[in-house]
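These notes are about the structure you will find just below.
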Amino acid sequence: MTSLYLLIPLGVAVVFGAIAAFISAVFDGQFEHLDEQAKKLPDDER
């Protein structure tokens, strides 16, 4: 039971950290122009 006092806040902190990383990536523009990035990949379907 005492381990829950550590694990629950740690889990919440990890979730908020992941959300902050995602929001930061969106505002930095990492998800824009994905169709152009896909064209730069090599075509291995031969």
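Observations on the model:
- Each helix, a run of at least 4 DSSP H residues, gives -39500 (n - 2.57); summed and divided by the residues of the chain, these come to -22000 deg cm²/dmol at 222 nm.
- Cα gyration tensor shape of the chain, rounded if a/c is under 1.5, else prolate or oblate by comparing a/b with b/c: oblate
- Extension gain for the segment Asp44 to Val14, taken as residue separation times 0.36 nm less the Cα-Cα distance, is 7.1 nm to one decimal.
Just so you know, all these numbers are worked out from the coordinates, no wet-lab data involved. Here the structure is a predicted model, which means the values were calculated and not measured.
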